[in-house]
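Reviewing the structure listed below.
Every number in this text was worked out from the coordinates using simple rules, so none of it is lab data. Computed from a predicted structure; not experimentally measured. Every residue, glycine among them, receives a Cβ derived from its backbone with ideal geometry; neighbour counts consider all protein chains shown.
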Amino acid sequence: MQSIPIEHGLILAGILFALGLVGVLTRRNIVFVLMSLEVMLNASGLAFVVASARWGHADGQVMFLMILTLAAAEVAVGLGLIIQMYRKFKTVDIDVLSEMKG
Amino acid sequence: MTWEVGSYLNIGVILGLVIFIAAMLIWVERRLLGLWQERLGPNRVGWFGLLQVAADMIKIFTKEDWIPPFADRMSFVLAPAIIMVVILTSFAVIPFAPGVGVVDSNIGILFVLAMASLGAYSVMLGGLSSDNKYALLGALRAAAQMVSYEVFMGISLLGVVALSGSFNLREIVIAQSDGWYIFPQFIGFVIFLIAGIAESHRLPFDIPEAEQEICSGYHTEYSGMKFGMFFVGEYLGLVLIASLLTVLFFGGWLGPAFLPPIFWFAIKAFGFIAFFILLRAAIPRPRYDQLMTYGWLFLLPLSLLNLLVTGAIILVTQ
Amino acid sequence: MMILFYIAATVAVVSTVGVIVQSNIVHALIYLILSLLAVAVVFFSLGAPFVAVLEAIVYAGAIMVLFLFVIMMLNMGQHTLDQEKTWMAAKDWALPAGLAAILLAQLLYVLREYRVDIVPNEVGVLEVSALLFGPYVLAVELASILLLAGLVSAYHLAKK
Amino acid sequence: MQDLIWLLPTFPMLGFLSLVLTGGSLPRKIVAVIGAGSVGLSFLSAVLISAQFLASGEDYFVKELWVWMAIGEFTPGFNFYLDGLSLVMMLIITGVGFLIHLYSTGFMVDDPAYSRFFAYMNLFVAAMLMLVLGDNLVLLYLGWEGVGLCSYLLIGFWYENPDNGYAARKAFVVTRVGDTAMAIGLFLLFTQLGTLNIQDMLQAAQQQWAMGSPLAIAAALLLLGGAVGKSAQLPLQTWLPDAMAGPTPISALIHAATMVTAGVYLVARTHVLFELAPRVQMLVAFVGLATLLMAGFTAMTQRDIKRILAYSTISQIGYMFLALGAGAWSAAVFHLMTHAFFKALLFLAAGTVILSLHHEHDIFKMGGKRKQLPIAFWSFIIGSAALAALPFTSGFYSKDEILLAALAVEGPGMLLWIGGVIGAFFTGIYSFRLVFVVFFGDSQGHHEAKEEAHWSMAAPLMLLMVLALLGGWIQVPLDAVFSSGAGHEEAHVSLLVHAVMIAAPFLGIGVSYLFFMSKVFDLDKLMANPLANSLHRFWFSGWGMDALYQRIFVNPFLYLARINRSDLIDSFYALLVSITRSAHLMLARTQTGYLGWYALSMAAGLVLIISLGVML
């Protein structure tokens, strides 16, 4: 079995994170924003798993499970909010929700 | 993870056999239904109508493979492929007999569950991309039903996992040398059976595609080979559930030595398939909300209780 | 395994790009599922089969179904697709993309000194479970409370 | 049974909790049963416990429940201490308290806040029992503040009227002055003697402090401060007349029979300290004397039936302080008990009169109520007789003891005695002035008197009448408590002394008769005299104490508050506020409400922080 350099795993996580960030920053459709957020969350989980593999411990995997739980709860609440928003504003444009300013 | 002996041959033979069996099931089902409903079933093409499947295949392959112009092309094409891929991949971890199987994985059960959860996309994407309200309704129903029953399916399996101490399907079969898990895990077996039928949306739980209510649901717009893939996929799912029941609760290939192990497996699996067909003939379809209520308010607590009691007994007896 | 890792990584990156540039939301979701599955394969190649499968079951199989479910419920139709295209003007992309690129460059710069090869050893279900119900049992309880809170609030929010 | 002493405060506490937690949703009958029944049960257990305690012949009994808190050496226990003194107090509180609760079930029956009333009353009884049964000063202080709180709540019971709220606040603030002194006293005792357990503390004080040592004087003075505040003695007496704003049963229970005598109890409980500081003890006597005379003058001039009784209470507690100062501890407690009987009787009877006249308080608008309210009339006759210490009533025995003890004091004994006798003379005047004006004479005003009250109001009056008449025959078991007490030797005094003491109240009654009954002397003519008139006004206002305090304390405080409103320090804070404000306005502009903008800022911040981390 060949070895994998750890930095490649971390670089992958970094690339995914950056891509997710671009998605969060550019999209106006809130569903896309949430999806990009999932990408970022997943990338951070990946970093944990890479670290776990580096040391041969299971702790990183446990952390990933926590992130998974967090993501599940976050998505449930986030999608509930999206449904509410769509009912109220008839749109998924996040910039419509800019009433709370100043 | 180890590959089985002669694996490439194995892969080819198993894939071919599984698909062939699934196709033949179409004929088997119609004959059996005919038998139970005191009519004949297909009997014109070939010996006992055995070539009916071949005839159907010729028809399906030559039919126009039409994609509605209003449909979302990518998802529309992807949907039937997903179900085929997902279920055929699941067969990779099924141990048919000693030395017969594709891989021997430590996470076999989880792999099957993962594939089953991905199978939901086939139905949902198919319904969503069709841009048809019946299809959408079917897809919505399918999403709720499959996601819900996946949960009980997973939990009902954990009793078996706890007893055998492994996620490896081959080890689970070997652990049943002393006794099949149908006895200590009867409740788990019943729940898994029900959840399995719901997961493969077979009758009587074919709510996503109920012909009488929503006009065949998610595959209303499908025709030709894409429809054929959905159709065969359903029978593949049937074979998969039957195989899983055999492996998890009925000792897999284990049996008296006068028959080779693979035959024992086949006999048990076919018994389940016949049982499923009998269910289709015998039981009416429940209402959608009844199915969901039944699942969340009865099956979920029951499966959790089953797991709890199993765990407690294991803890005490160890 | 090494080849598996690189193939999966490539797939993950490409499909993630697909997520952020797609204007059709269903397509974007399919790309996202693909990306998650690719990451699951990466996990597998790193010797973490348990989380790999969980990634497939929970992330790709359950959470993304929720997304699809909501998309179905909203059913936004053709005009949102067009709107989405107009929202994706190049000038809106410049600044975020630049920023993300800088961030990535920084990360790469920080990582330049690490040179550790990992030989993936399988860390299986047993080890993870022993940790989960040993030292991390409190975290598990908290996670379950979090899930309960998520359940209640999602029910409340989505209720009419 | 003695072990069950914790039941005593528990019953009313449970009553309080059940009434409070149901929030007034219970029907009145059940509220009455809970409210009065809990105190009744408490009384029953008090009687049983007392019987057992007296039969056992022990000097004291301690029930240790649990350690309240433990901070280093400071470990006050939640322990109950029973001896003769707390036994008497406990019986008075539960017994008289029960009668007043019973009376209240009838008196308050039309009040919308029936349940709240009984909740407060029950809480009060529980706190008061805690006060008298606590074996350490911290527990005592808990009860002390508890009764203060209940007093506040009940004075302001009819809070819709702002005046009542004002009276409640006044009572609270004025007693707080005394309580603060007392708290400081507790700190002093603890730091000096290392314990707050009363008995240990007293023993330690006797061992460590010499007679008249400055520490003993300071401790006694501080405790006296608390006692003076609670018992409405000079100079903190101004709150009690105003406290009459509460419902009449409250005045009977809290502001006559029990709470206001807590000061007497405190001094009696810690009498060893006062014996170590003879000057302070003398001060106690003179405080009592001054208070009783002052309150006597004022009571003669009041028009409000409850205020008259309130001043008479102040005056009677003055007698108790006089006794305490004279070292006649048991006489003080004895008078405390008889006073509880006849003053509760008077207040409750006054309540009946007030209720029958639709809450009319002015005695000169009453008159001729003898026939209409016979029970109230006889209650007043007996109560006033006991108050004026006519022979063979309960008040006679206790006041007699006090005056004899005062006479026996070395030094200013004669002065104290004469003052006490003059006070008795005044007592005769004002108590019978009340009787003559209210019950004899012509019926004044347009008020239609109601029928005599329900049995729940009549029965307590009857019982209290018996107690007020015969209470003087009760032997209080105090010898063991005050064994060290001075002034206990039988003083041989001449017959003349006795004659004067018996004659003084009769003289007062006679004067009162001449003024208010037969009208031999014309009051109006007397009032025409400018000197008498101004004196009357001076006394009526309670020797102008309220106005004095308004000038000395309240006005300067308000003045200080006013000039502090816009001072330099404030402007500094105002600058802070304006800086914060402008910063806020600046930052607020970054709050665009666009999620993308926020995320962008976060990302930029992240980039910045990582750059810093990488560079450095």
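Panel values: region D:566-615, Kirkwood radius from alpha carbon pairs, Stokes-Einstein at 20 °C and 1.002 mPa s, translational diffusion coefficient 157 µm²/s.
Free of any GluC sites (Glu not before Pro) that DSSP assigns to a loop and that have at most 10 other C-beta atoms within 10 Å, the longest stretch within chain D is D:161-409.
Bridgeable lysines around C:K85 (alpha carbons under 19 Å apart, same-chain partners fewer than 8 residues away excluded): A:K90.
For chain D, the longest principal axis of the Cα atoms and the long axis of helix D:595-615 meet at an angle of about 70 degrees.
Scaled to the compact-protein estimate 2.2 N^0.38 Å, what is the alpha-carbon radius of gyration of region D:281-521, rounded to two decimal places?
Values: Rg = 17.9 Å, N = 241, 2.2 N^0.38 = 17.7 Å.
Compactness ratio reported: 1.01.
Please give the charge dipole size of region B:8-317, origin at the Cα centre, charges +1 on K and R Cβ atoms and -1 on D and E Cβ atoms. Round to the nearest 20 debye. Dipole size: approximately 460 debye. The modelled label-to-label distance between C:F133 and D:M462, using points 7 Å beyond Cα along the C-beta direction, is 7.5 nm.
Inter-part distance, region A:23-102 to region D:499-553, computed on C-alpha centroids, equals 86 Å.
Among C:I63, C:I25, C:I145, the largest mean-square fluctuation in a Gaussian network model of chain C, built with springs joining Cα atoms closer than 10 Å, belongs to C:I145.
Dividing the Cα convex hull volume of region D:357-432 by residue count, how many Å³ per residue is that? Write out the running numbers ahead of the final one.
Numbers: hull volume 7.9 nm³, N = 76.
Convex hull volume per residue, Cα atoms: 103 Å³.
Computed from the C-beta positions of D:V173 and D:Q199 and an R0 of 56 Å, the FRET efficiency is 0.95 to the nearest 0.05.
From the Kirkwood radius over Cα pairs of region D:501-616, Stokes-Einstein at 37 °C and 0.692 mPa s returns a whole-number translational diffusion coefficient of 142 µm²/s. Peptide A:78-86 shows a mean partner chain C-beta count of 6 within 10 Å per residue C-beta.
Can you pull out the chymotrypsin sites (Phe, Trp or Tyr not before Pro) in region B:222-269 that DSSP calls coil and that have at most 15 other Cβ atoms within 10 Å?
Those that pass, being in a loop and sparsely packed, are B:F258.
Evaluate region B:8-317: find the radius of gyration of its Cα atoms, find its Kirkwood radius, and give the ratio Rg to Rh.
Values: Rg = 19.5 Å, Rh = 20.1 Å.
The Rg/Rh ratio comes out at 0.97.
Within the same chain, lysines fewer than 8 places from B:K226 are excluded, and of the rest, those with a Cα less than 19 Å from its Cα are B:K59, B:K63. Please find the FRET efficiency linking D:I610 to C:D92, where r is the Cβ-Cβ separation and R0 is fixed at 25 Å, and quote it to the nearest 0.05. Calculated value: 0.55. At q = 0.16, 0.22 Å⁻¹ the log10 of I(q)/I(0) for region D:58-172 amounts to -0.84, -1.19, computed by Debye summation with a single uniform scatterer per C-alpha, solvent ignored. Cβ-to-Cβ counts within 10 Å put B:M84, C:M73, B:M124 in ascending order as C:M73, B:M84, B:M124, the fewest first.
Over the C-alpha atoms of region B:41-149, the Rg to Rh ratio, Rh being the Kirkwood estimate, stands at 1.08. Largest GNM mean-square fluctuation among B:Q290, B:Q176, B:Q52, using chain B with Cα springs under 10 Å: B:Q290. With N counted as the residues of region D:161-272, its alpha-carbon radius of gyration over 2.2 N^0.38 Å works out to 1.21. Averaged over the residues of B:144-157, the number of partner chain Cβ atoms lying within 10 Å of the residue Cβ comes to 1. Could you name the lysines in cross-link range of D:K399, using Cα to Cα under 19 Å and dropping any fewer than eight places away on the same chain? Answer for D:K399, where 19 Å is the Cα cut-off: D:K343, listed by chain and number. Along its first, second and third principal axes, ordered by size, the protein assembly as shown spans 144, 73, 66 Å in Cα coordinates. What separates the Cα centres of region C:106-160 and region B:258-318 is a distance of 31 Å. When chain C is treated as a Gaussian network with alpha carbon springs shorter than 10 Å, the biggest mean-square fluctuation among C:E127, C:E113, C:E84 belongs to C:E113. At q = 0.06, 0.07, 0.13 Å⁻¹, work out log10 I(q)/I(0) for chain D with the Debye formula, treating every Cα as an identical point scatterer and leaving solvent out; two decimals please. With no solvent term, the Cα-only Debye profile gives -0.36, -0.47, -1.41. Does chain C come out rounded, prolate or oblate, given a ≥ b ≥ c as the square roots of the eigenvalues of its C-alpha gyration tensor, rounded meaning a/c under 1.5 and, failing that, prolate meaning a/b above b/c? Oblate is the answer for chain C, as a/c is 1.5 or above yet b/c matches or exceeds a/b. For chain D, adding -39500 (n - 2.57) for each run of n ≥ 4 DSSP H residues and dividing by the number of residues yields -23500 deg cm²/dmol at 222 nm. Dipole size of the protein assembly as shown about its Cα centre, with +1 on Lys/Arg Cβ and -1 on Asp/Glu Cβ: approximately 2320 debye, rounded to the nearest 20. Run the Debye formula on the Cα coordinates of region C:2-89, all scatterers equal and no solvent, and tell me log10 I(q)/I(0) at q = 0.18, 0.25 1/Å. Result of the Debye calculation: -0.79, -1.15. What you get for chain D, charging only the Cβ of Lys and Arg (+1) and of Asp and Glu (-1), is a dipole of about 1620 debye around the Cα centre.
A dipole drawn for chain B from +1 and -1 charges on Cβ atoms has a positive end, and of B:Y121, B:S105, B:G196 the residue lying farthest that way is B:G196.
Net charge of the neighbourhood of D:S50, taken over other residues with C-beta under 13 Å away and scored Lys/Arg +1, Asp/Glu -1, is -2. The separation of region D:379-438 from region D:1-74, counted between C-alpha centres, amounts to 35 Å. Across the alpha-carbon atoms of chain A, the computed radius of gyration and Dmax are 17.0, 58 angstrom.
When the P(r) is computed for region B:168-287, the part past 22 Å accounts for 42% of the Cα-Cα pairs.
For the residues of C:110-123, the average number of beta carbons from a partner chain within 10 Å of their own beta carbon is 6. To test your reading of the geometry: what angle, between 0 and 90 degrees and rounded to tens, separates the Cα axis of helix A:59-89 from the longest principal axis of chain A? In chain A, helix A:59-89 runs at an angle near 10 degrees to the longest axis.
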